[in-house]
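Everything on this sheet refers to the single structure shown next.
What follows is calculated from the coordinates using simple rules that are stated; it is not laboratory data. Predicted, not measured: the structure shown is a model, and the values here were computed from it. Cβ placement follows ideal geometry from the backbone for every residue including glycine, while neighbour counts extend to all protein chains displayed.
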Amino acid sequence: MDLKLDHHTEDRLTIVEVEGEIDVYTAPRLRELLIDLVNKGNFHLLVNMEKVDFLDSTGLGVLVGGLKRVRAHDGSLELVCTQERILKIFRITGLTKVFGIYASVEEAKEAHGRDK
Amino acid sequence: MATVELTFSALPAHVRTARLVATAIARRTGVAESLLDEVRLAVGEACSRAVEAHRVHCPGEPIRIELCDEAGRFEVTVTDAAPSDDLEEAYKDEDGPPTPVNGTALASLLPADTLMSGFGIAVIAALADDVEVYPSGKGLRIKMSWPAATTGLATA
């Protein structure tokens with residue numbers, strides 16, 4: 001499956017919907033979207049990965065790059081993910097300590113609301 | 001022993017094909033369903049690393065994957081043609097033939113920003129049951145394996 005990307009903003013939080021496979025072929029599209037969002041002043045990003053079938057280190061690199069960009073503007077990049085196969089690569093690389101990872105968009109929005 | 005060999009051009013789009021082939025053969029060889037995601041990710045990491053290295057050093061050269069079942073193991077070898085002399089120099093034995101390098105040790109040697117390769121190999125080392133990396137001036141060979149049913153490809 002290819003990569004499908006969509007996004008919308010709710011109350012200063014930009015939710016990025018990702019569906020499909022994030023690998024060396026598709027990751028540049030996600031990178032471009034994250035860079036574009038940050039360039040347009042969206043500094044609080046929530047990446048919903050519930051429909052992601054595959055994620056490799058290239059994809060992780062894109063997410064880390066996005067986090068670095070938003071942090072330069074005191075922003076945040078957090079994730080929604082409950083799939084064990086995807087969470088595993090975050091655990092292997094120790095990135096569970098770097099990203100806020102939530103079980104649902106609603107849970108992340110609540111946490112974001114508390115932090116505002 | 002039965003072997004499937006696959007060569008592909010150093011294009012990112014082909015990495016997915018390599019992952020799919022490796023996963024299909026792993027399943028047929030008798031690798032447990034619970035390990036198939038690990039096979040898919042590890043083979044993808046090795047192929048992504050090779051593609052990135054070829055795009056820098058030798059975009060016209062193909063990348064080779066060998067998949068085989070042997071003595072109850074499913075073994076995948078990804079071979080690239082991009083020079084890895086620096087790694088070879090760091091790990092070669094005095095006057096001896098090329099020796100395999102433990103995946104974790106190699107990952108720690110590679111700078112994290114070198115084509116993300118150190119990161120990718122670290123992921124492979126965490127996923128595969130056994131990993132050996134053979135650096136040389138002619139390319140890098142990553143051999144990884146997982147347990148499989150003894151009645152795998154050879155008799156299926």
Bin by bin, in steps of 10 Å, what percent of the Cα pairs in chain A do you find, going until the bin that has the longest distance? 14, 53, 31, 2
Taking the Cα atoms of the stretch B:21-66, report the difference between the largest and smallest coordinate on each principal axis, in whole Å and largest first. 37, 15, 10
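Once the Cα gyration tensor of the stretch A:1-52 is found, what semi-axes does its equivalent ellipsoid get, as square roots of 5 times the eigenvalues, in whole Å, sorted largest first? Intermediate results must be reported in sequence, preceding the final value.
Numbers: eigenvalues 77, 32, 9 Å².
Result for the stretch A:1-52: semi-axes of 20, 13, 7 Å.
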B:Ala2 versus A:Glu106: modelled label distance in nm, points set 7 Å from Cα along the beta carbon direction: 4.9 nm
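What percentage of all Cα-Cα pairs in the stretch B:1-48 are separated by more than 16 Å? Walk me through the intermediate numbers first.
Details: 418 of 1128 pairs.
When all Cα pairs of the stretch B:1-48 are counted, 37 percent exceed 16 Å.
Given N residues in the stretch B:1-85, what is Rg(Cα) / (2.2 N^0.38 Å)?
Details: Rg = 12.9 Å, N = 85, 2.2 N^0.38 = 11.9 Å.
Normalised by 2.2 N^0.38 Å, the Cα Rg of the stretch B:1-85 equals 1.08.
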Specify the inter-centroid distance of the stretch B:28-84 and the stretch A:23-52, based on alpha-carbon positions, in whole Å. 27 Å
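Calculate the dipole size of the stretch A:4-115 relative to its Cα centre from +1 charges on Lys and Arg beta carbons and -1 charges on Asp and Glu beta carbons; express the result in debye to the nearest 20. All intermediate terms of the calculation are to be shown ahead of the outcome.
On the way: 15 positive and 19 negative charges, 95 e Å.
Dipole about the Cα centre, nearest 20: 460 debye.
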